[in-house]
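Derivation of every value follows stated rules applied to the coordinates shown; laboratory data play no part. Quantities reported herein were computed from a predicted structural model and do not represent experimental measurements. Counting neighbours? That spans all protein chains shown, and the Cβs are built from the backbone with ideal geometry, glycine included.
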Amino acid sequence: MKAALAGPGGELLYQARLATGRDRGSEAVIEAILDFAAELRDEGAGRFGEPAVAAGVVVPGIVDEERGIAAYSANLDWRDVPLRALLSERLGGVPVALGHDVRAGGLAEGRIGAGRGADRFLFVPLGTGIAGAIGINGRVEAGAHGFAGEIGHIVVRPGGVPCPCGQRGCLERLASASAVSQAWAEACGDPEADAADCAKAVESGDPRAAAVWQDAVDALADGLVTALTLLDPRVLIIGGGLAEAGETLFTPLREAVGRRVTFQKLPDIVPAALGDTAGCLGAGLLAWDLLDAGATAPRAATTGPTTPPEVTI
Ligand SMILES: [Zn+2]
């Protein structure tokens with residue numbers, strides 16, 4: 001879990017990390033989140049003279065943002081956890097926003113990161129899996145059921161490798177950092193080799209690495225062209241572990257996307273700017289948005305430099 005106290009412009013005033021401890025079970029994880037949030041609230045009082053005025057919490061899985069419920073997470077083994085109400089109670093009634101980790105990360109990249117100022121963007125982190133956040137005029141589209149943006153499960157190779165989601169040939173089975181790690185480990189015969197090693201081998205001219213890398217880039221371009229045909233984003237922000245390869249990824253990716261489009265307008269394809277603080281910052285923005293909407297706190301409280309909301313992931 002990553003947490004921070006954040007100011008109104010998204011500035012990080014204090015950061016903390018804590019092991020999720022999911023081996024102790026889902027109830028213990030929920031308790032740990034509540035304790036961590038309360039600790040952070042007190043940290044605000046100690047450092048800034050008053051406790052945080054709101055909280056934003058973002059979690060993985062399926063999130064019902066309107067009802068404040070963490071509906072499902074395979075990783076954390078929970079279903080229908082009323083996390084917003086639990087947090088609000090533990091934090092003495094301050095406004096609490098509950099969000100989705102990738103959508104919140106996208107919100108931060110779109111508002112204060114790589115997509116700053118873009119009215120429409122698509123944020124795609126390439127990590128263990130592949131997810132997406134669809135940014136429209138300062139907010140991120142969740143869809144009717146909280147599933148919008150799941151670009152990792154667009155089928156790009158019909159009949160291809162099975163995916164835990166039940167389909168075959170999903171994008172994330174071909175172009176996530178995990179998928180590239182696996183493909184490169186098999187190709188080079190070193191089970192410890194990962195996607196970063198593959199990128200280095202590409203840079204040093206290894207033809208086996210170049211083939212593995214190009215397969216991933218082609219799959220990614222196929223998925224992205226589907227997404228941009230549907231969404232027409234102005235900026236396409238690529239993040240996650242695979243994007244750390246820099247131009248080794250972005251140069252062939254821009255080429256591969258450019259080759260595929262016909263009538264579609266090419267968006268700017270740029271690396272994410274906020275790294276692994278995007279989720280934390282997005283949670284903070286959700287909290288500040290609550291205050292801006294005039295939820296319960298006075299408007300004036302949101303502009304003071306010493307009244308940070310707390311942010312927990
Ligand atoms: Zn899938």
Prolate/oblate/rounded call for region 1-97, Cα gyration tensor, a/c under 1.5 rounded: prolate
Cα coordinate range in region 103-153, projected on the principal axes (Å, largest first): 28, 25, 14
If you bin every alpha carbon distance in region 192-235 into 10 Å steps from zero, what whole percent lands in each bin? 27, 36, 25, 12
Per residue, the convex hull enclosing the Cα atoms of region 89-181 spans a volume in Å³ of 149 Å³
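Mind checking the full-extension length gain between Asp268 and Asn75? Use 0.36 nm per residue of separation minus the Cα-Cα distance, one decimal, nm. The partial results should precede the final answer.
Details: separation 193, 0.36 × 193 = 69.48 nm, distance 3.31 nm.
Between Asp268 and Asn75, full extension yields an extra 66.2 nm.
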How big is D for region 186-266, in µm² s⁻¹ as a whole number, if Stokes-Einstein is applied with the Kirkwood radius of its Cα pairs at 37 °C and 0.692 mPa s? 241 µm²/s
Extension gain (nm, one decimal) between Ala85 and Arg157, 0.36 nm per residue minus Cα-Cα: 21.7 nm
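Per-residue counts of other Cβ atoms within 10 Å, averaged by peptide: what ranking do you get for 134-147, 190-203, 103-116, highest first?
Working: 134-147: 15.2, 190-203: 17.3, 103-116: 26.6.
Peptide ranking by packing, descending: 103-116, 190-203, 134-147.
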Using θ = phi - 60° and the Karplus curve 6.51 cos²θ - 1.76 cosθ + 1.60, what whole-Hz ³J(HN,Hα) does each residue of region 197-202 get, with Gly and Pro shown as x? 5, 4, 4, 5, 5, 4
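Evaluate the chain: find the radius of gyration of its Cα atoms, find its Kirkwood radius, and give the ratio Rg to Rh.
On the way: Rg = 20.1 Å, Rh = 20.2 Å.
With Rg and the Kirkwood Rh in hand, the quotient comes to 1.00.
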How big is Rg to Rh over region 117-239, alpha-carbon atoms, Rh as the Kirkwood inverse-mean-distance radius? 1.02
Kirkwood Rh and Cα Rg combined as Rg/Rh, region 142-205: 1.10
By DSSP, what percent of the beta bridges with both residues in region 28-171 are antiparallel, rounded to the nearest 5? 75 percent
Express the relative contact order of region 233-286 as a whole percentage, based on alpha carbon pairs under 8 Å and six or more residues apart in sequence. 52 percent
Using Cα-only point scatterers and the Debye equation, what is log10 of I(q)/I(0) for region 222-298 at each q in 0.19, 0.25 Å⁻¹, rounded to two decimals? -0.85, -1.13
